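Asker: Next up is a structure, given as structure tokens.
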Amino acid sequence: VRDGNGVCVGYVSAMSNGMCAVFVDSLLTHPEYDREAVGGMLLHAVLEHFAGSPVYATPFVDEQEVFRNRGFKIY
């Protein structure tokens, strides 16, 4: 995701094993855009793109809220 000036403000990488599962490898947002819902929008796009497949992730502590807000369980 880029802002109006072309600056990258968010990035998500998700991989499918091609059979039945998806893994979110990384979800990053520019520090100036924290709390701007960029991470949530990116995660939503992954969930929509891979609808019907379980999605797994191992978020860092500071990323966990975004995942919890989208219904993920953190173990």
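The values are calculated or read from the model by the stated rules, or taken from the named source; none is laboratory data. The shown structure was predicted, so the numbers you read here are calculated from the model rather than taken from an experiment. In this analysis, Cβ positions are derived from the backbone assuming ideal geometry, glycine residues included, and neighbour counts consider all displayed protein chains. Quick note on the areas: whole protein, heavy atoms, side chains included, nothing else; ligands and nucleic acids left out. Shrake-Rupley method; radii C 1.70, N 1.55, O 1.52, S 1.80 Å.
Asker: Given the options Tyr11, Tyr56, Tyr33, which has the most mean-square fluctuation in a GNM of the chain, springs set between C-alpha atoms less than 10 angstrom apart?
Answerer: Of Tyr11, Tyr56, Tyr33, the most mobile in the Gaussian network model is Tyr33.
Asker: Please list the three semi-axes, largest first and in whole Å, of the ellipsoid equivalent to the chain, using sqrt of 5 times the eigenvalues of its alpha carbon gyration tensor. Intermediate results must be reported in sequence, preceding the final value.
Answerer: Working: eigenvalues 94, 42, 19 Å².
Working through the eigenvalues yields semi-axes of 22, 15, 10 Å.
Asker: Apply 1/(1 + (r/R0)^6) to the Cβ-Cβ distance of Met41 and Ala21, taking R0 = 22 Å, and write down the FRET efficiency to the nearest 0.05. Walk me through the numbers before you get to the answer.
Answerer: Values: r = 22 Å, r/R0 = 1.02.
With a Förster radius of 22 Å, E is 0.45.
Asker: Same structure again: Quote the relative contact order of the chain in percent (integer), defining contacts as alpha-carbon pairs under 8 Å separated by 6+ residues. All intermediate terms of the calculation are to be shown ahead of the outcome.
Answerer: Numbers: 88 pairs, mean separation 20.0, N = 75.
Reported relative contact order: 27 percent.
Asker: If you don't mind, there's one more thing I want to ask. Give me the percent of the accessible area of the chain that comes from carbon and sulfur atoms, probe 1.4 Å, all protein chains in place.
Answerer: C and S fraction of accessible area: 54 percent.
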